Amino acid sequence: MDTYDPLRQPKPSIPPVTTTVPVLTFLGAAGTVTGSRFLIDTPTARVLVDAGLFQGLKPLRLRNWDRFPVPPKSIDAIVITHAHVDHVGYLPALVRDGFRGKVHATESTADLAGIVLPDSGHLQEEEASFANRKGFSKHHPALPLYTEQDARDSLDSFVTHPFDHEFEIAPGVRLRFRPAGHILGSATATLRLAAASDGSHDERTIVFSGDLGRPHHPLLRPPTPIGRADVVVMESTYGNRLHDDDHAIERFGDAIARTAARGGTVLIPAFAVDRTEVILFHLRRLVEAGTIPKLPIYVDSPMALAALAVYRRSMRDDPEQIAPGLDLHTDPFDAGNVTEVRQVRDSKALANLNGPVILVSASGMATGGRVIHHLKRLLPDPRNTVLLVGFQAPGTRGRRLAEGAREVKMLGGYVPVRAEVIDLEAFSVHADQSELVDWLETAQPPPEMVYLVHGEPDSAAALKLVLDDRDRHPTVVARDGERVRLD
Ligand SMILES: [Zn+2]
């Protein structure tokens, strides 16, 4: 249980920068896929790119409790690339602990953060009160990492910016967001650092990929080419994988048709933001193509439904990030068979449904949320199917299911796995190896240095090998806590 323990030693603080050149420090998402936090110090400003929570295995989650390596009040501005918790989920703690600058994000990212952050605060409070009831915490009473109110307070710090416009966020630091095609609002962040006034270094351009989407996202514009960059900091979640797209849609449709034929239920644990939209989009297309029967679809996640409303609004009002050619005259998510389930009472009533249905419920890695109750009920029956449609981090129930576990623990007991479990990683919102390589090649001329972040060690190492083979630029797998000069 991750609750506050004052006996834990904080990590040593990063000393104040005395250098006259810009410096980049990897404060997270180095050697792992969560906790994105990158600090840029220049002689005139300190900027944090992403403020993510660590997720997954317990040693990682415990890092959320470490004192932040620099005083939050010493940070002039924070840049958020997108609204996933591992990129924005630490922000409420930074604001509560003294950060007083602005948080820069696209409009859709701010909208989605307004959904995701209060939910995260609520979960932190629930975890703390659970620990208090069960006596898990060494600290009494156990405190949440931050509260729902902290999360709401942090939203006041957001300022939003359109894509493809450059603006100054701190003295000598200019920022431009460009579509990253990962989730709605997701952006790459190009930081232009001014030349030193004494001539000791030139202007420097640093591009952060954030999380990079796939070129064929059905709803979103593909990631924008890099153009000119001195340094690129790129994610590597699937640095060792190639997605098999056509096959994935086929397997998705086949699994649903097969489950319907045997009278079972299809359960799709989906990340509340983006996966739900993409799943609904494909379900509609498969129904129209006659590949699957028009089954009732229940979306059982208040957060997913709130995000769906943001998608619908942005697709109407903010088309610059939407895939060209997408028909927006009809609802792309609903052919008339989708029911939105908000109340707990209605969620529980789903257990009484007869006949084949499709349930879409969060969380995507089965780490919490309503999907747990559905899994407990559906996993023991071989007529049912669980479709995993996103990255499953080590240590999560989703990962154990993907790896073929015969039983999984939930709600205090073990549940036998007799349902069919299918892992469709091609539905991921992350670019695969060849797509990452292709995107890097849009940097012209080749960058002076590429740092790989946001990947398990195997993925980052495999991607580095491929990039080294191509010999376009030096590539370094970033190490946790490492500081590098940017001059
Ligand atoms: Zn993400």
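The values are calculated or read from the model by the stated rules, or taken from the named source; none is laboratory data. Predicted, not measured: the structure shown is a model, and the values here were computed from it. Ligands, DNA and RNA are stripped out before the accessible areas are found, and what is left, the full protein with its side chains, is counted by its heavy atoms. Shrake-Rupley method; radii C 1.70, N 1.55, O 1.52, S 1.80 Å.
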Study note, to complete from the structure: Here the Cα Rg-to-2.2 N^0.38 Å ratio for segment 16-68 is 1.27
Check your understanding: Given just the C-alpha atoms of the chain, how large is their convex hull per residue in cubic angstrom?
Key -> 136 Å³
Practice item. Mind listing the long-range amide H neighbours of T188? Cut-off is under 5 Å, sequence gap 5 or more, other chains count too, H placed in the peptide plane at 1.01 Å from N. Key: R178, A180
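With a 1.4 Å probe and all protein chains left in place, how much accessible area per residue does segment 245-427 have, in Å²?
43 Å²
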Check your understanding: When only Cα pairs under 8 Å and 6 or more residues apart are kept, what is the percent relative contact order across segment 245-427?
Key -> 31 percent
Study note, to complete from the structure: SASA check, K376, accessible area w/ 1.4 Å probe, all protein chains in place, rounded to nearest 10 Å², comes out at 100 Å²
Check your understanding: Just by accessible area at a 1.4 angstrom probe, what is the order of T385, T442, T367 from largest to smallest?
Key -> T367, T442, T385
**Study point:** Nearest 10 degrees, 0 to 90: helix 107-134 Cα axis against the chain principal axis
**Key:** 70 degrees
Exercise for review: Using a 1.4 Å probe and ignoring any ligands, DNA or RNA, find the accessible area of K102 and quote it in Å² to the nearest 10.
Suggested key: 100 Å²
Exercise for review: Principal axes first, then extents: for the Cα atoms of segment 116-194, list largest minus smallest coordinate on each axis, whole Å, largest first.
Suggested key: 52, 28, 20
Point to revise | Helix 245-261 vs. the chain, principal-axis angle (Cα, 0 to 90°, nearest 10) | key: 30 degrees
Check your understanding: Taking every DSSP beta bridge that has both residues in the chain, what percent is antiparallel when rounded to the nearest 5?
Key -> 45 percent
**Study point:** Rounded to 10°, Cα long-axis angle of helix 302-317 versus longest principal axis of the chain
**Key:** 70 degrees
Exercise for review: Could you check how many percent of all C-alpha pairs in segment 92-231 are farther apart than 24 Å?
Suggested key: 48 percent
Review point. Could you state the per residue volume, in Å³, of the convex hull enclosing the Cα atoms of segment 438-487?
Key: 80 Å³
Check your understanding: In Å, the Kirkwood hydrodynamic radius of segment 331-478 over pairs of distinct alpha carbons?
Key -> 18.4 Å
Check your understanding: Which whole number in µm²/s is D for segment 197-351 by Stokes-Einstein, with the Kirkwood Rh taken over Cα pairs at 4 °C and 1.567 mPa s?
Key -> 70 µm²/s
Review point. Counting only protein heavy atoms, what percent of the accessible surface of segment 49-158 is carbon or sulfur at a 1.4 Å probe?
Key: 51 percent
Exercise for review: Quick one: grab Rg to one decimal and Dmax as a whole number for segment 245-427, Cα atoms only, in Å.
Suggested key: 15.8, 49
**Study point:** Spatial separation of Cα centroids for segment 19-90 and segment 322-392, in angstrom
**Key:** 33 Å
**Study point:** Lys pairs under 26 Å by Cα in the chain, provided they are eight or more residues apart or on distinct chains
**Key:** 18
Point to revise | Solvent accessible area, Å² - S347, 1.4 Å probe, full protein context | key: 10 Å²
**Study point:** segment 64-200: antiparallel DSSP beta bridges as a percent of all, rounded to 5
**Key:** 60 percent
